[in-house]
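Below: the structure, in structure tokens.
The values are calculated or read from the model by the stated rules, or taken from the named source; none is laboratory data. Not measured: the values here are computed from a predicted model. No Cβ is skipped: glycine too gets one built from the backbone with ideal geometry, and neighbour counts run over all protein chains shown. These accessible areas exclude ligands, DNA and RNA; they are computed on the full protein's heavy atoms, side chains included. Shrake-Rupley method; radii C 1.70, N 1.55, O 1.52, S 1.80 Å.
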Amino acid sequence: MERFLTLLIASLCAAPLYFFLFSGIVFSMNKGLSGDSGMAVAYFGTWGGFLAAFVGFWLTWLLAQRLLADHFLRYLQLFDGVALIGWLVTYLIWSADEPYVLQYADHRAVLDVEARVPKAFLNGQAIDSALGFQFIGQDFESRLPMPVREEGGFVILPWQTTPYEINKWRMRVFVYNEPVDYQLDLPKHPQESTAWSGWITPSAGQQSEPLPARMAQNFTLRYRFRLVPHGSPD
């Protein structure tokens, strides 16, 4: 039984490598194809990868059984342990970047956002024509829930959305059509409403740099997450 389980785990761990190797070669050799040709390559790469994994499973089984199982069983078991840990780490990294759905039995999620801009930056232009919001994920019912207001030397534009599918809590504000990203410090799947955050500055590593560094420090955003019972007003 020990020998059988060792061979089984080794073969199962090796099989995906054959899949990714075959599919990677197929896709890398056929870049840029579209239409029917691209669809054919996608099918061939995917189903051919499954066939390669099946062949690789039995090839690994036979080679390990004949060459390793009799005299190097402990080394083969060490390989099994390392391979299992490697695939577990790979899965955790992959799942961390996969989008997930926010679902609640009796509530719906609401994300409130406010952008604060210096009046001097707008130069007399209306803030809602200079700025636009985008939740980075899938959302519903995006709207401006309250009127624009002024506080000291700043103009504040409120925005609200119902987030549904997300990857990481991020917001994008378009400033004269240039994207400015913000990272929101919220749990992966919040279970309760939060208070307003402090005013945060844009995230590092922007796709573009539409704001001078000095101005970026004054171009801030705050947010809160709320769970609203179904049928209740916002």
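If you count only protein heavy atoms with a 1.4 Å probe, what accessible area per residue comes out for segment 1-119, rounded to a whole Å²?
Accessible area per residue: 66 Å².
For segment 131-188, what is the accessible area per residue in Å², given a 1.4 Å probe and the full set of protein chains?
51 Å²
For the chain, what is the convex hull volume of its Cα atoms per residue in Å³?
Convex hull of Cα atoms, per residue: 212 Å³.
Could you pull out the longest piece of the chain with no exposed loop trypsin sites (Lys or Arg not before Pro) in it, calling a site exposed if DSSP puts it outside H, G, I, E, B and it has at most 12 other Cβ atoms within 10 Å?
32-187
Whole percent per 10 Å bin, from 0 to the bin with the longest distance: what is P(r) over all C-alpha pairs of segment 1-133?
With 10 Å bins starting at 0, P(r) equals 10, 21, 20, 16, 16, 9, 5, 2, 0.
In the full protein assembly as shown, how much of H230 is accessible to a 1.4 Å probe, in Å² to the nearest 10?
110 Å²
From the phi angles alone, apply the Karplus equation (6.51, -1.76, 1.60; θ = phi - 60°) to segment 45-51 and give each ³J(HN,Hα) in whole Hz, x where the residue is Gly or Pro.
x, 6, 6, x, x, 5, 5
Give me the one-decimal nm value for the distance between modelled label points at Q77 and F140, 7 Å along each residue's Cα-to-Cβ direction.
Computed distance between label sites Q77 and F140 equals 5.3 nm.
How long, wide and thick is segment 1-77, going by the Cα atoms along their three principal axes, in whole angstroms, largest first?
Between the extreme Cα coordinates on each principal axis of segment 1-77 lie 51, 17, 15 Å.
Between L92 and E178, with labels modelled 7 Å along Cα→Cβ, what's the label distance in nm to one decimal, could you check?
Here the modelled spin labels are 4.0 nm apart.
For every other residue with a beta carbon closer than 15 angstrom to the beta carbon of G198, add +1 if it is Lys or Arg and -1 if Asp or Glu, then tell me the sum.
Every neighbour counted, the sum reads -1.
What does the C-alpha gyration tensor say about the overall shape of segment 79-129? Classify as rounded when a/c is under 1.5, otherwise prolate if a/b is larger than b/c, or oblate.
oblate
List the relative contact order of segment 24-167 as a percent without decimals, with contacts defined as Cα pairs under 8 Å and 6+ residues apart.
In percent, rounded to a whole number, it is 23.
In degrees between 0 and 90, to the nearest 10, how far off the longest principal axis of the chain does helix 2-29 point, with axes built from Cα atoms?
For helix 2-29, the angle is close to 60 degrees.
Within the chain, what whole-number % of the accessible surface is contributed by carbon and sulfur, with the 1.4 Å probe and all protein chains included in the calculation?
62 percent
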